[in-house]
Amino acid sequence: MSAAPLLNIKGLTLRYGGLAAVEDLDLIVAEGALDALIGPNGAGKTSLFNLISGLTRQDDGEIWLGGARIDRLSPSQRARRGLARTFQNLRLFTETTAIENVLVGMHLHVGGSLLEILTRFGRFRQAERAAVDAARELLAFVGLSSVEYAPAGSLSYGDQRRLEIARALAAKPKLLLLDEPAAGMNPAETAALRLLLEKLRAQKISMLLVEHDMSLVMRLCDKITVLNFGRKIAEGPPDAVRANPAVIEAYLGVKGAAHFRGDAA
Amino acid sequence: MTDIMLEARGLTIGYGGKLVVRDVDLTVRRGEIACLIGANGAGKTTILRGLSGLLKLRAGSVRLNGEEIANRSAHAIAARGMAHAPEGRQIFAAMSVADNLRAGAYLAPSAAEIGRRRDAALTRFPRLKERLTQQAGLLSGGEQQMLAIARALMADPKLLLLDEPSMGLAPLMVEEIFSILAALKSEGRTILLVEQNANAALALSDQAYVIEAGRISLEGPARDLIDHDGVSAAYLGG
Amino acid sequence: MLLQQIINGFVAGSAYALFALGFTLTFGVLKIVNLTYGFYFSAGAYLALFAALHGAPIALALPLAAFATGLIAVVLDSALLSRLRQQQAPELASLMITLGATLFLYTGMTALIGSEIRRFPIGLIEAAPFRLNGASISLTQIIIVVTAGLLAAALIGVLRATRTGLAMRAMAENPQAAELMGINTGAIMRRVSFLCGAIAGASGVLIGLEHNAITPYMGETMALKGFAVIILGGLGDVGGALIAGLLIGLLEALTAGYVSSVYKDAVGFLLLVLTLWARPFGLFGRASVRRA
Amino acid sequence: ADPLTIGAIEILSGPNAKYGVAIKQGFDLGLDEINRGGGVRGVPLAIAYEDSAGSKEQAINAARQLIGRAKVPLLLGPTLSTEMFAVGPIANQRQTPIIGTSTTAIGVTDIGPFVFRTSLPEADVIPVTLRAARDKLGVKKVAVLYGRDDAFTKSAYDVMKAALAELGFEVLTTETFGAKDTDFSAQLTKIASLNPDAIVISALADAGAGILLAKQALGLPQTVRAIGGNGMNSPKVLEIAGPAADGLLVGSPWFVGKSDPLNAKFIEAYRAKYGSDPDQFAAQAYDTIKIAASALNEAKDLSGEAIRDALLKTKIEGVMGQFAFTPDRSPAVVSGVLVLEAAGGKFTILK
Amino acid sequence: MPAALDDFLWTYQSLIASLGVNGLLALSMYVVLAIGQLSLGQAAFMGLGAYASALLSLHSGLPFPLVLAAATLIPAAFALVIGAPTLRLSGVYLALATIGLGEILRIFLIQSDLTGGALGLSGIPAKAGFALIYGCLAAVTLALMLIARSRVGRAMEAIREDETAAAVSGVDLPRYKMAALVVSAMLAGLAGALNAHASSFIGPNDYGFDAAVTILSYALLGGVGSPFGPLAGALVLTLLPEILRPLQDFRLVVNGAIIVIAVLYMPHGLIPWRPLRIGARP
Ligand SMILES: Nc1ncnc2c1ncn2[C@@H]1O[C@H](COP(=O)(O)OP(=O)(O)OP(=O)(O)O)[C@@H](O)[C@H]1O
Ligand SMILES: Nc1ncnc2c1ncn2[C@@H]1O[C@H](COP(=O)(O)OP(=O)(O)OP(=O)(O)O)[C@@H](O)[C@H]1O
Ligand SMILES: [Mg+2]
Ligand SMILES: [Mg+2]
């Protein structure tokens, strides 16, 4: 793997009082990669996502995206540079319809200056129509066509997860951070998700995936990074990570490791 | 005392003008684990919310331990021995972990009893013990999930409703949860489980129901459903 | 003069705090800015006045009035706020409904009893001030200071250490989950309404006694100050309300005494604005916890 | 015959309704007498009341209703000077004479040639009070306390300031309060520390009474006089403040204990009708309706200009004494100002 | 013009003018509420606009259009200055901080000789006719409607629902919040100037807490889904006291009761609709 690093994290540290949620972490996501981040509950995975997307500020360290340092930018500036994410604790615009949620995700790409908005001249109509078409397509892509006009808050939990993914995709990200996308999905639904992520990979969207569903991670990912207590305890291709005693001890368990051994084949 | 803990007949529930659950019959026997499986949006959560009194029933009857509880308020149902660990965890975010647990034992008869239950819960979830004074809203997702389950256990329920208890938990912890459920069962408690980890859930359960678009499409002993071709294809990823 | 100004400030501050305690509690538990709270303040004073005019001693008139305002609060909250809550109305609807209710209540009260300023019968409470070192403080003022302190301590105790307090906090956070724990949220809400109504009523009586001037709109004036106090202290924070009240009272007195009374009213708000710029949730308030 | 209806805008609800209600009672009493005596121009006189609730907006809307729809030839009121500043220009624009009975602020009649007032402006009353305090009681050093955010109390303060300077008082400090304040202890503590001979107060009745109570509570001796403006010339102040009001000095164009027969008759009739003593506002209103009736009778027609001209010529003997307007439409006779002293819950003439 | 109509317009002149002015104020509230900011500075901004324009009209001889422009720009500049620290606040905290700023402004107006102190300013030339007031109102309503039905409107609604999620979707929060505050200040300032030049007299107490709450209640009663909600709220709350005038003492009592009942039965506002956006369900 020699592709240029898209995301480059150096010595990142975040402390809450005495507790280090992320500690001296180095991490690279290559252009076009589909990598996973795993680790026990409370290992610091979501905290890391929050740092990358700018919702919290690090105590130390640097974050580079596509060759530029982004760790002092606001969340929206980072989004502008091609970063999108989903939330482990769903954060949809619950009162607005599913399609409008996706349209908000498209915010950065819908054209139309204030003047055009006020006069309805120029690109405005065309841009809006194109956005709506694109949003419909995305909803279809994640399997939510039937609920386009339902308020996001009225969707079932699993559907809300899908909607989060659609909203994040709407931003046409270079790097997509997915925080437990398969939570709340049954094995069959997870398999469908896997296909979906593979299609995204084919579209050259780089992804960093936090997930506890090992059947998904082991089959899908190029590289897995394992965190525990905010520190990296292992890194490498699925097979190596699965066999790593430290990972088995802290995360997979002997049974788990055995269980997933057969899957990758 | 019958050997049926929970019996729902003709359960019909909706939101606004839309009926989401129609004419569902469920039976959970004392000391057994029953599970509901189904696709996203099938209505599993809605059924649990209807049973525990969070949603009004449009029609149907629910008997808990032989007593009719349909459309009683949620707190009254809780007082009759049902605990519900709801979807989305619904922990008390600004309260400490310890206070969340105390709230779970709101109906406990004595301080000593609360202490006993708390010790039991914390042995099951050592991570929570480390975080006792932290505000619950600041826990990680999985830690919050543990808290939600522990809080439900604090009620010392006769019947426990769990909505996707393994969600967001690391593999080791998922194993732990399923062994806790097995232990609870062996203590004689009754459990109604909604679970996406259908393989593990069916392996543990006595009785299972498959929900499709708000109706029960299939029911029977859990063992039989594991081997059922349709179930295996649709829900077990097999 | 310094000693007297400190006493003035302390008394005024305690009065603000006394009023604010129930105000902040309503918000803390019910999550609603309940503007009718100011009305209970006025109503309490009037009810005690009527009781006193019918010969009740203050020791009877005060609790009677507090009890009655507590009941009014329960009735109003059940009729208006509970209903809205059941309909899952947006947050601001409850603000608007208390706004409408306030207009109704104040103007209704004036239409019935007039807007005349009234006073308690002379001799209802010992009026001669105590003197110390050339400064003076009256019995009513002492009662206000002591009540504010004790009440704050009691409320903190209830919230932190009792089962009811736990239920109140749980309900404040997530009423549905609280119900699942077996907490009867309706009953808790009524208890809180009663308690807050009673606190407002009692503080109306005491502050009415102190200034010996009772007007229908006294609660409205107090509500604006009370607002500043509960925000400065951090919404829902009982101890914060006590400290913020005292702080504003003292600062006002010292400003009037040593700078200029022109800025007496401004200084409280200035303190509020500057504090919020530095601490967006007041002195002791905390951001709501919701992790991404 | 159809009655001749004139309009009146007063504060009949809200916190300041006490002034408006007293005025209305004064009007109604006078109206009864006028109509018993045959009304005006051969028809009964009637008053259409509108409530301003103390709000300028509502006062304006009321005035426009009365002038534009009801087409009244003459307006009485409104209660507060602030309201007059809002309403006066409107009446003036439509050339409808408007007579304030309680608008004592500076500049009220400058609004325009159709704006009248029957109340003595503060500028005529306050110097009389202050001079009496200086000459009869030997007051030299004073502290001033005024309501800063109300047009009436502020303009009275402006008058006080000028008069204090002119009469050679030493002003130790000038303190202020807000219209809705009920706690005056900080200001009075500061004042007390300066040992003034008297405190000059510009306040409305409620605040004024509160100040007197706080003054007593802080232990300022009775010998430190309170000297009030028009706003404190109200029985309400004595009623609320009780013994704390003893020693208060106010100047007044009228006094309940004034013993002339006209006044005695008025007070008797007022007591009979309302069961209580009139105050200054009721008395001024009572005289005003008489003045209005007289002018309406004398006017050559009911046009605004005719009524204005008639008003300017009106001379009557009222409960407040001789009355006539100056050319700029304020009361002409100011000799009747009395200095009153509160004692035992009553005003008496200062000896 | 027939005399009857002329009389009618004259009689209701202030009312008609306040309807327009209050409509503008309601819209200025809408602009901040639409992104979930409970800012109650509108009354203060209105006061700034009113005083600025009145002083300019009385003392500067500037042409009226320039006066109006100044009346919108001065509050806007003030909003820019206080915006940065203030917009970090949320909910009731923001409300109280802005009310506090308003009270401080009020005390300044009362103390300053330039502004006539408690007596206020009178004799302001009557230059704001119906055409001007309603022209402004129509233009502002149209503009806000067009904005609501665009990506900007969507972003505003997203901020109202979840700031964090909006931010990671690329919505520039500080910019949107500041823009909303500034626009809201401009609208309130414009309303203040129009009001001053319609009623000819202004005083410092017209822009205090009561005014702030009244402006808020327009938006709350009407609903903030679309600009029409606040407009409806302003219409109802301005007309009600006049319509109920015959009830005398019980006028405001009934007024209050009507508000209570309206909220009970229409908790989402008199006009709960949200603007139909391109792409919304046909
Ligand atoms: N604001 C905070 N204050 C204190 N501790 C915090 C805060 N935020 C997170 N933590 C702690 O930091 C640790 C890391 O949390 P994080 O959410 O990153 O875990 P995670 O790896 O995403 O876990 P999970 O798999 O359960 O989602 C947890 O133990 C959590 O309790
Ligand atoms: N508040 C609501 N208002 C309207 N419809 C709702 C609401 N909540 C759920 N629904 C609808 O009810 C149906 C069942 O939802 P429910 O949450 O019960 O599904 P579920 O089986 O629990 O799905 P999941 O596995 O995704 O949690 C869905 O179609 C959903 O869109
Ligand atoms: Mg996480
Ligand atoms: Mg569910």
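Would you be able to tell me the number of residues in the stretch E:165-204 that are at the interface with another protein chain (Cβ under 9 Å from one of its Cβ atoms), part of a helix (DSSP H, G or I) and touching a strand residue (DSSP E or B) at 6+ places or on another chain (Cβ under 8 Å)?
So the answer is 1.
Has the stretch A:82-89 got at least one residue that is within 11 Å of another protein chain (Cβ to nearest Cβ) and either over 18 Å from the mean Cα position of the chain (by Cα) or more than 28 Å from C:Val289 (Cβ to Cβ) (or both)?
Yes, there is a match, as at least one residue in the stretch A:82-89 is within 11 Å of another protein chain (Cβ to nearest Cβ) and either over 18 Å from the mean Cα position of the chain (by Cα) or more than 28 Å from C:Val289 (Cβ to Cβ) (or both).
Going by what's in this entry, would B:Lys44 be described as farther than 23 Å from B:Ser205 by Cα and either within 14 Å of chain A (Cβ to nearest Cβ) or acidic (Asp, Glu) (or both)?
No.
Answer yes or no: is there a residue in the stretch C:279-289 that is more than 16 Å from ligand 2 (Cβ to nearest atom), without any contact (Cβ under 8 Å) to a residue 40 or more places away in the chain and either polar (S, T, N, Q) or in contact with a strand residue (DSSP E or B) (Cβ under 8 Å, 6 or more places away or on another chain) (or both).
Within the stretch C:279-289 (the criterion being more than 16 Å from ligand 2 (Cβ to nearest atom), without any contact (Cβ under 8 Å) to a residue 40 or more places away in the chain and either polar (S, T, N, Q) or in contact with a strand residue (DSSP E or B) (Cβ under 8 Å, 6 or more places away or on another chain) (or both)), the answer is yes, since at least one residue qualifies.
Within the stretch E:147-164, can you find the residues that are under 15 Å from A:Ala127 (Cα atoms) and either in contact with a Cys (Cβ under 8 Å, 6 or more places away or on another chain) or facing another protein chain (nearest Cβ under 7 Å) (or both)?
Residues satisfying the conditions are E:Ile147, E:Ser150, E:Arg151, E:Val152, E:Arg154.
How many residues are among the charged types (D, E, K, R) and part of a helix (DSSP H, G or I) if we restrict to the stretch D:159-213?
Looking only at that region, the number is 4.
Among the residues of the stretch A:72-91, which ones are touching a strand residue (DSSP E or B) at 6+ places or on another chain (Cβ under 8 Å) and charged (D, E, K, R)?
A:Arg78, A:Arg81, A:Arg85, listed by residue number.
Suppose the filter is surrounded by fewer than 22 Cβ atoms within 10 Å (Cβ to Cβ) and of a type in the set (Gly, Ala, Ser); does B:Ala182 pass it?
The answer is yes for B:Ala182.
Which count do you get for residues in the stretch B:1-51 that are among the charged types (D, E, K, R) and more than 18 Å from B:Arg63 (Cβ to Cβ)?
Residues that pass the stated criteria total 3.
Can you pull out the helices (runs of 4 or more DSSP H) entirely within the stretch C:218-290 that have at least 3 residues that are modelled with pLDDT of 95 or more, within 14 Å of chain B (Cβ to nearest Cβ) and surrounded by 20 or more Cβ atoms within 10 Å (Cβ to Cβ)?
Fully inside the stretch C:218-290 and qualifying: nothing.
Does the stretch C:98-117 hold any residues that are of a type in the set (A, V, I, L, M, F, W, C), more than 19 Å from the chain's Cα centre (by Cα) and part of a helix (DSSP H, G or I), and which are they?
Start the filter on the stretch C:98-117 by keeping residues that are of a type in the set (A, V, I, L, M, F, W, C), which leaves C:99, C:101, C:103-105, C:109, C:111-113, C:117.
Now drop any that are not more than 19 Å from the chain's Cα centre (by Cα), which leaves C:104, C:109, C:111-113, C:117.
Passing the criteria: C:Phe104, C:Met109, C:Ala111, C:Leu112, C:Ile113.
Could you grab me the full set of residues in the stretch A:153-169 that are open to solvent by less than 20 Å² (accessible area, probe 1.4 Å) and within 16 Å of ligand 4 (Cβ to nearest atom)?
Selection gives A:Leu155, A:Gly158, A:Arg161, A:Leu163, A:Glu164.
Does A:Asn89 satisfy the criteria of being in contact with a helix residue (DSSP H, G or I) (Cβ under 6 Å, 6 or more places away or on another chain) and either closer than 18 Å to B:Ser140 by Cβ or within 16 Å of ligand 1 (Cβ to nearest atom) (or both)? Lay out the reasoning, then the answer.
Working: in contact with a helix residue (DSSP H, G or I) (Cβ under 6 Å, 6 or more places away or on another chain): no; either closer than 18 Å to B:Ser140 by Cβ or within 16 Å of ligand 1 (Cβ to nearest atom) (or both): yes.
In short, no.
For the condition away from ligand 1 (no atom under 16 Å from the Cβ), of a type in the set (Ser, Thr, Tyr), closer than 27 Å to A:Leu227 by Cβ and not in a strand (DSSP E or B), what is the one hit in B:Thr123, B:Thr133?
Of the residues listed, the single one that is away from ligand 1 (no atom under 16 Å from the Cβ), of a type in the set (Ser, Thr, Tyr), closer than 27 Å to A:Leu227 by Cβ and not in a strand (DSSP E or B) is B:Thr123.
Considering only residues that are in a loop (DSSP other than H, G, I, E, B), modelled with pLDDT under 85 and open to solvent by less than 70 Å² (accessible area, probe 1.4 Å), which ones fall in the stretch E:247-282?
Narrowing the stretch E:247-282 to residues in a loop (DSSP other than H, G, I, E, B): E:266-282.
Filter once more, keeping what is modelled with pLDDT under 85: E:272-282.
Within the stretch E:247-282, E:Pro272, E:Pro275, E:Arg277, E:Ile278, E:Gly279, E:Ala280 qualify.
So which of A:Val147, A:Val132 is touching a Ser or Thr at 6+ places or on another chain (Cβ under 9 Å), among the aliphatic types (A, V, I, L, M) and away from ligand 3 (no atom under 16 Å from the Cβ)?
Exactly one residue qualifies, and that residue is A:Val147.
Taking the condition in a loop (DSSP other than H, G, I, E, B), more than 7 Å from every other protein chain (Cβ to nearest Cβ) and of a type in the set (Gly, Ala, Ser), does C:Gly201 pass?
Working: in a loop (DSSP other than H, G, I, E, B): no; more than 7 Å from every other protein chain (Cβ to nearest Cβ): yes; of a type in the set (Gly, Ala, Ser): yes.
When the stated conditions are applied, C:Gly201 does not pass them.
I'd like to check which helices (runs of 4 or more DSSP H) are fully inside the stretch B:155-238 and have at least 2 residues that are within 16 Å of ligand 1 (Cβ to nearest atom).
Details: elements: B:171-186, B:198-204, B:222-227, B:229-235.
Counting at least 2 such residues, we get B:171-186.
Among B:Glu164, B:Glu195, which is open to solvent by less than 30 Å² (accessible area, probe 1.4 Å), within 16 Å of ligand 2 (Cβ to nearest atom) and more than 25 Å from B:His75 (Cβ to Cβ)?
After ruling out the rest, the residue left standing is B:Glu195.
Pick out the one residue from E:Gly120, E:Gly116, E:Gly100 that is within 11 Å of chain C (Cβ to nearest Cβ), farther than 27 Å from E:Ala166 by Cα and buried (at least 16 other Cβ atoms within 10 Å of the Cβ).
Selected residue: E:Gly100, the only one of E:Gly120, E:Gly116, E:Gly100 that is within 11 Å of chain C (Cβ to nearest Cβ), farther than 27 Å from E:Ala166 by Cα and buried (at least 16 other Cβ atoms within 10 Å of the Cβ).
So which residues in the stretch B:148-203 are within 16 Å of ligand 3 (Cβ to nearest atom) and either free of Cβ contacts under 8 Å to residues at least 40 places away in the same chain or over 14 Å from the mean Cα position of the chain (by Cα) (or both)?
The answer is B:Ser166, B:Met167, B:Gly168, B:Leu169, B:Ala170, B:Pro171, B:Leu172, B:Met173, B:Val174.
Working only within the stretch C:160-185, note down all residues that are open to solvent by 30 Å² or more (accessible area, probe 1.4 Å) and aliphatic (A, V, I, L, M).
C:Ala161
Residues to consider are E:Ala69, E:Ala34; find the one that is farther than 29 Å from D:Gln65 by Cα, in contact with a helix residue (DSSP H, G or I) (Cβ under 8 Å, 6 or more places away or on another chain) and either more than 14 Å from chain D (Cβ to nearest Cβ) or β-branched (Val, Ile, Thr) (or both).
Working: E:Ala69 fails: in contact with a helix residue (DSSP H, G or I) (Cβ under 8 Å, 6 or more places away or on another chain).
On inspection, the qualifying residue turns out to be E:Ala34.
Picking from E:Ala166, E:Ala179, E:Ala148, which residue would you name as being open to solvent by less than 20 Å² (accessible area, probe 1.4 Å), small (Gly, Ala, Ser) and at pLDDT 95 or above?
E:Ala166
Residue-wise test of (1) surrounded by fewer than 24 Cβ atoms within 10 Å (Cβ to Cβ); (2) out of contact with any Gly (no Cβ under 6 Å at 6 or more places or on another chain); (3) within 14 Å of chain C (Cβ to nearest Cβ).
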position	(1), (2), (3)
D:Tyr157	no, yes, yes
D:Val171	yes, yes, no
D:Gly178	yes, yes, yes
D:Ser185	no, yes, yes
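Restricting attention to the stretch A:182-223, which residues are within 16 Å of ligand 1 (Cβ to nearest atom), small (Gly, Ala, Ser) and more than 14 Å from the chain's Cα centre (by Cα)?
Answer for the stretch A:182-223, where residues must be within 16 Å of ligand 1 (Cβ to nearest atom), small (Gly, Ala, Ser) and more than 14 Å from the chain's Cα centre (by Cα): just A:Gly184.
The values are calculated or read from the model by the stated rules, or taken from the named source; none is laboratory data. Quantities reported herein were computed from a predicted structural model and do not represent experimental measurements. Please note: Cβ atoms are built from the backbone with ideal geometry, for glycine as well, and neighbour counts cover all protein chains shown. Just so you know, the surface numbers come from the protein's heavy atoms only, side chains and all, with ligands and any DNA or RNA stripped out. Shrake-Rupley method; radii C 1.70, N 1.55, O 1.52, S 1.80 Å.
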